[in-house]
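S.K.: Provided herewith is a single structure, encoded as C-alpha cells, for subsequent inquiry.
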Amino acid sequence: MFDLPELDDVIYQQLRRHDLAQCARVNKKWNRVVSPYLWSDITELGFLGDRRKNFRRMMIIFSSNNATSYKRITTPWSNMCKKDYLLWKSTVLGFSGYPDPGALQSILHSPEETGNTRIDPTSPTNAVHPS
Amino acid sequence: MKVTLESSDGQVFTVDKEVAELSVIIKEMLVIEQANQDHPIPLLNVGAVELAKVIEYCEHHRNDPTIDDDEDYDSRKKPIEMDDWDKQFTIVNKEMMFELILAANSMQVKPLLHLGCRYAADIVKRMSPTEIRDLFQIDDDFTPEEQDKIEWEKQWTKL
C-alpha cells in the first residue's frame, strides 16, 4: 500500500508535519517519497507566527529572477525588520545550507526590537547576500 | 438490474447494478460489454473475502452522491470523513485492511480507497521510525552522512 505512488497524495497529505518527519526517517525510499510533503509549504511552519506575511513576500521575491542582489531584495521593504530577514534567510537557505536551528531560535527569542529596524544595504555589518 | 462479479478464486457474487457501479472499472466494463451482461465480470486481482467486503461497503454507500472529479478528494481541501458505519467497517486487522485498499484500488472504488488511505495514515501517526520499520519490515539504509542530514531536518520540524 505504501508502495503505490498513486496513493501517496491521499495518505501523506493527512499526516501532520511531525508524523511526516518521522516517516522521512524510516529509510531512503520513504525519505524520497515523504520529503516533498514535509517541505511542500514551509510557510506553514508554526514558528513563523505573525511574520508569515513578510516571509511569504520575501519568498516570492527570492524565487523571482530579479532577486540577484541584496539591495534589490530589501529595497521594496525597507521597513522590514532585520529579524524577519534573518529568519527568512536562515530558513530558505537552510535547505541547502544547513543553518543552525539553535541560532535561529536565539534570533527569534531575542528581545523585540523597537520600531522598524531598517536594514542598511550600505552597512558592511548588514551585507548578507541571499546566495 | 443485477450484475454478476467473479473473484480471482472463482466465487461469484450477484449485486445490484448501482452497487457494482460504485467501482469505476466495473462501470466502464458495463458500458463496453453492454450486450454481454449475462457473463460474470472477472476481477482477477480481488479475492472472494475482499470482494465480499467491498460489496458490503458499496451496498451501504449505494445512495451516496457520486464524485467523479479527483479534486473533490483532495484531503487538504476536504478532510476524509468517516461516519459511525465506516468506523465499524474499518475495525479489521491491518492485513485485511491493506488487502481491501489494494482491492479498492484495483476496482477503483474511490470512497473506499480514500477511507483505507485514511486508515493507513492513522496507523503511522505517532509512530517512531523504528516502529514503522518493524511494522512494515523495512531496513534502515541511511548512511551516517544521510542520518546527520535527517537529524538536522528533524530539528526544523520541532521549531
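Derivation of every value follows stated rules applied to the coordinates shown; laboratory data play no part. Quick caveat: nothing in here was measured; it's all calculated off a predicted structure. Positions of Cβ are backbone-derived with ideal geometry, glycine not excepted, and every protein chain shown enters the neighbour counts.
S.K.: Go through B:Lys87/B:Lys125; A:Lys28/B:Lys94; A:Lys29/B:Lys27; B:Lys27/B:Lys94 and tell me which ones have a Cα-Cα distance over 26 Å in this structure.
M.R.: A:Lys29/B:Lys27; B:Lys27/B:Lys94
S.K.: Using only atoms on other chains, find how many Cβ atoms lie within 10 Å of each Cβ of peptide B:97-110 and report the average.
M.R.: 1
S.K.: Pop a pseudo-label 7 angstrom from the Cα along the beta-carbon direction at both B:Ser128 and B:Asp38 and give the gap in nm to one decimal.
M.R.: About 6.4 nm separates the two model spin labels.
S.K.: Quick check: pseudo-label points 7 Å beyond the Cα along Cα→Cβ at B:Asp139 and B:Ser8, how many nm apart are they?
M.R.: With each label placed 7 Å out from Cα toward Cβ, I get 2.7 nm.
S.K.: A:Lys28 to B:Asn45: FRET efficiency via 1/(1 + (r/R0)^6), r the Cβ-Cβ distance, R0 35 Å, to the nearest 0.05? Provide the component values of the computation, followed by the final result.
M.R.: On the way: r = 29 Å, r/R0 = 0.82.
So the FRET efficiency works out to roughly 0.75.
S.K.: On to the next question. Work the Kirkwood hydrodynamic radius out for the range B:2-153: mean of 1/r over every pair of different alpha-carbon atoms, inverted, in Å.
M.R.: Numbers: mean 1/r = 0.0571 Å⁻¹.
After inverting the pairwise mean of 1/r, the radius is 17.5 Å.
S.K.: How shielded is B:129-138 by partner chains, expressed as the average number of their Cβ atoms within 10 Å of its Cβ atoms?
M.R.: On the way: counts 9, 3, 2, 8, 4, 0, 1, 6, 0, 5.
Other-chain Cβ atoms within 10 Å of each residue's Cβ, averaged: 4.
S.K.: Hey, another quick one. Could you list B:Glu95, B:Glu131 so that the one with the fewest beta carbons within 10 Å of its beta carbon is first and the one with the most is last?
M.R.: Values: B:Glu95 8, B:Glu131 13.
Placing the least packed residue first, the sequence is B:Glu95, B:Glu131.
S.K.: Out of residues 5 or more away from B:Ile41 or on other chains, whose amide H comes under 5 Å of its own, with H placed 1.01 Å from N in the peptide plane?
M.R.: Long-range HN contacts for B:Ile41: B:Thr4, B:Leu5, B:Glu6.
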